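Q: One structure coming up, written as structure tokens, with questions to follow.
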Amino acid sequence: MAAAVLAAGLTAACGTSSPPVGAAAASVAGPSSEASSSDAASATASASASAAGQASPSTSPPAPPSTSASTPTGSSPTPSRTRTATPTRTPSQPPRTSAAPAPARIPGPGYDSSVGQAQVDAALRAAKADGRMVLLDFGANWCGNCKAADKVFAQPQTAALLGESYHLVKVDIGGSSSAASALLRKYSPGGGSYKMPVLVVLSPSGTVRTDTHATGNPSLTAEGLNSFLRLWAS
């Protein structure tokens, strides 16, 4: 009996201090399995969240592109200016041309006894139209001074001055024509002895501007006659 009690005590002692192998394995495996299950669940949830984050597009709208032009540093933007169209005016009159009139006709050397008041009147009408002066040349075909003046009038520079500024009328006073003598006295009324040629400049209105019978003739050279023509051209 004592052996039985002792055996029972040993069994109890063993049971108290050393649990059965199967029970110990179950006791140890229980907490470890719960921790492993919890870690696996956390990892699965984290992987699911990461996959969801990668699969789901961002719901934030993209920033709109900038529509304002970049302004260089240190410069201010220049405001746009609206130009107002200027209305075109239609002239009420045709525009005037600045072209010079054609040169007047210059008679050749010598004097024509048929030239009289009619030719002077025609020259005055032309002068009123174009603004030139009228030059009356009273002379004779036998007069040496008149021939000298004719040679100068034929020179290019002098002829250009005459054509540009004068209507030249040559009147023969070397004969016995009373009409020619009356015409001379009309425009050179000084009387007395006339030294030919007598040069009289008329304005377009017919007013005498100069009369060499009263003032004396210029030198009958290119220099003298050109200076005379320029002086009374305007």
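The values are calculated or read from the model by the stated rules, or taken from the named source; none is laboratory data. The model shown is predicted, which means the values in this text are computed figures rather than measured ones. Cβ coordinates were reconstructed from backbone atoms using ideal geometry, including for glycine residues, and neighbour counts include every protein chain displayed. All accessible areas refer to the heavy atoms of the entire protein, side chains included, with ligands and DNA or RNA removed. Shrake-Rupley method; radii C 1.70, N 1.55, O 1.52, S 1.80 Å.
Q: Starting from the Cα of Lys128, draw a straight line to each of the lysines and keep only those under 24 Å, dropping any in the same chain fewer than 8 residues away.
A: Lys170, Lys186
Q: Sticking with this one: Among 123-133, 195-205, 102-112, how do they line up from the highest to the lowest mean number of other beta-carbon atoms within 10 Å?
A: Result, highest mean Cβ count within 10 Å first: 195-205, 123-133, 102-112.
Q: Residue separation times 0.36 nm, minus the C-alpha to C-alpha distance between Thr210 and Trp142: what's the value?
A: Here the segment from Thr210 to Trp142 would lengthen by 22.0 nm.
Q: Between Ser178 and Trp232, what is the label-to-label distance in nm when each label sits 7 Å out along the Cα-to-Cβ direction?
A: 2.9 nm
Q: Send over a whole-number figure in Å² for the accessible area per residue of region 91-206, probe 1.4 Å.
A: Using a 1.4 Å probe on heavy atoms only, each residue of region 91-206 averages 54 Å².
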